[in-house]
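Asks: The structure that follows is given in the form of structure tokens.
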Amino acid sequence: MSAKELHMSTKLLHSARASETDSGAMVTPIYQNSAFAYDSADAIEAVFAGRQAGYVYSRMGNPTLTQLERNLTVLEDGLGAISTSSGMAAITSTVLALAESGDEIVSGNSIFGGTYSLLHSTLARSGIKTRFVESTDVEAFRKAITDRTKLVFVETIGNPKLDVPDISEIAKVAHEKGIALAVDNTITPSLFQPKKAGADIVIHSTTKFINGHGNAIGGAIIDTGIFDWAGKRYQHLDNIRKRSGNFAFLAFLRSQIFRDTGGCQAPFNAFLTSIGIESLVVRMERHTLNAIKVARFFASDKRIVDVRYPGLETHPDHKVAGRQFENGYGALLTLSLKDRESCFKFINGLKRARNAANIGDVRTLVIHPASTFCRELTGEERQAVGVSDNLIRFSIGIEHVDDIISDIDVSLYNI
Ligand SMILES: *Cc1c(COP(=O)(O)O)cnc(C)c1O
């Protein structure tokens, strides 16, 4: 049976096996090395010249990272992957590889707060402008594209608004204009393969579900192999394309962006994340099953003003989500209570759900966005990301669902 015919849960356990070691080690060791030595000046010259494959310095590559990158490539059915120090480093590196001062990005407006700030403030200060559009409005993407647009960017499920953009329609718009589409798939790994909807670049914060255990910050960039980098918007890749063909984007990232900006992942973090990704499919199944049960349980509860979950028929983007996400709707859901005070009382009354600024942990996590990660946003920005004072976000874990529901149920009596 070829690797292609295997299921994703099997592939993630068996198809990225390390070849660097002949010791029979079942798990790729942590190559805690900064540099790699060569027997001769000729040998190291050949690697530097790109005539010979090899590791030189861990900022550009390391065998423990390679192991993780193989599995990330499998996960997204890509051409190749690069692991990064964080999800933010993955997004920053992607933008820097494609855009320069004077260029533009078109991005959905319902995106992770750190990404919004990166695009809106930090990159804008260095001359890369982002036009934000309503994430679910395909025509708005088309209208915002100009001659200087170098990247279209969306997330699979807006966080915490939980809206679901139609990625295949947005991909068509980007491709008509010869622009690459990057999709941040942090919230739905293994539930959805953005490549199938036409995405050219997939980005992950592996910190979340891929790691799964909340023990290592990390990120990833995967080139799905769809995009032809010979396009006229990307002439800066022409030179590297002569040597690397359609690997031009990945080669440019590694040999220039990573060399120059240093967003590499630490080997120990890659080791932890490699262990996490092996059980991703099973965990996502459980996260998803639990989340839909929690959403259904509380959907008609009088103590709650609103429950939002893309898997509920009442969700405004339920149709798009149903078409897009083959394997379920993910672990994030939001509850709206009466006001901010009831949210605080409710969170303080939870016994098992942990109050933390993270998602994708095996444990159920809860947070009040307006007073935490969205506190710096203006009123208009809060509306764009769907945050009001009475909103609570859950990242449903893999505990037994009855225990998650009873924790929420008991605490709702406090408010
Ligand atoms: C957390 C997150 C990021 C940033 O990732 P870090 O690993 O925290 O740097 C980017 N996008 C999404 C959707 C996220 O949830």
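The values are calculated or read from the model by the stated rules, or taken from the named source; none is laboratory data. A quick note: this is a predicted structure, and the numbers were derived from the prediction, not measured. Backbone-built Cβ (ideal geometry, glycine too); neighbour counts: all protein chains shown. What goes into the accessible areas is simple: the full protein's heavy atoms, side chains included, and nothing from ligands, DNA or RNA. Shrake-Rupley method; radii C 1.70, N 1.55, O 1.52, S 1.80 Å.
Asks: Return the residues of the stretch 173-194 that are closer than 20 Å to Val95 by Cβ and either surrounded by fewer than 24 Cβ atoms within 10 Å (Cβ to Cβ) or over 16 Å from the mean Cα position of the chain (by Cα) (or both); say none if nothing qualifies.
Replies: Listed by number, the residues that qualify are Val173, Ala174, His175, Lys177, Gly178, Ile179, Ala180.
Asks: Let me ask something else about it. Sort out for me the helices (runs of 4 or more DSSP H) sitting completely within the stretch 1-98 that have 1 or more residues that are touching a residue at least 40 places away in the same chain (Cβ under 8 Å) and surrounded by 13 or more Cβ atoms within 10 Å (Cβ to Cβ).
Replies: 8-14, 63-75, 87-98
Asks: Among Leu79, Leu119, Leu72, which is the only one that is touching a helix residue (DSSP H, G or I) at 6+ places or on another chain (Cβ under 7 Å) and of a type in the set (A, V, I, L, M, F, W, C)?
Replies: Numbers: Leu119 fails: touching a helix residue (DSSP H, G or I) at 6+ places or on another chain (Cβ under 7 Å); Leu72 fails: touching a helix residue (DSSP H, G or I) at 6+ places or on another chain (Cβ under 7 Å).
The match here is Leu79.
Asks: Moving on to the next point. Which condition from (1) crowded, with 24+ Cβ neighbours inside 10 Å; (2) within 26 Å of Ala370 (Cβ to Cβ); (3) of a type outside the set (Asp, Glu); (4) at pLDDT 95 or above is the one that Gly212 breaks?
Replies: Only one criterion is unmet by Gly212, namely (2).
Asks: Follow-up question, since we're still on this one. Scanning the stretch 197-209 for residues that are over 23 Å from Arg286 (Cβ atoms) and open to solvent by 10 Å² or more (accessible area, probe 1.4 Å), which turns out farthest from the ligand (Cβ to nearest atom)?
Replies: Gly198
Asks: Among the residues that make up the stretch 320-328, is at least one of them under 22 Å from the mean Cα position of the chain (by Cα), open to solvent by 70 Å² or more (accessible area, probe 1.4 Å), closer than 21 Å to Ile359 by Cβ and modelled with pLDDT of 95 or more?
Replies: No: zero hits.
Asks: For the stretch 259-291, name all the residues that are open to solvent by 10 Å² or more (accessible area, probe 1.4 Å) and of a type in the set (A, V, I, L, M, F, W, C).
Replies: Hits for the stretch 259-291 are Cys264, Ala266, Phe268, Phe271, Leu272, Ile275, Val281, Val282, Leu289.
Asks: Spot the failing condition for Arg296; the list is (1) touching a residue at least 40 places away in the same chain (Cβ under 8 Å); (2) open to solvent by 10 Å² or more (accessible area, probe 1.4 Å), and only one is missed.
Replies: (1)
Asks: Right, here's the next one. Determine, yes or no, whether Thr273 is among the polar types (S, T, N, Q), in a helix (DSSP H, G or I) and in contact with a Phe, Trp or Tyr (Cβ under 9 Å, 6 or more places away or on another chain).
Replies: Against the criterion (among the polar types (S, T, N, Q), in a helix (DSSP H, G or I) and in contact with a Phe, Trp or Tyr (Cβ under 9 Å, 6 or more places away or on another chain)), Thr273 does not qualify.
Asks: Please identify the pairs in which a residue from the stretch 356-370 that is within 15 Å of the ligand (Cβ to nearest atom) has its Cβ atom under 6 Å from the Cβ atom of a residue that is open to solvent by less than 10 Å² (accessible area, probe 1.4 Å) and part of a loop (DSSP other than H, G, I, E, B), counting only partners at least 6 apart or on another chain.
Replies: Gly360/Phe209; Pro369/Pro160
Asks: Another question, if that's okay. State the number of residues belonging to the stretch 71-88 that are under 14 Å from Phe258 (Cα atoms) and either more than 9 Å from the ligand (Cβ to nearest atom) or over 11 Å from the mean Cα position of the chain (by Cα) (or both).
Replies: 5
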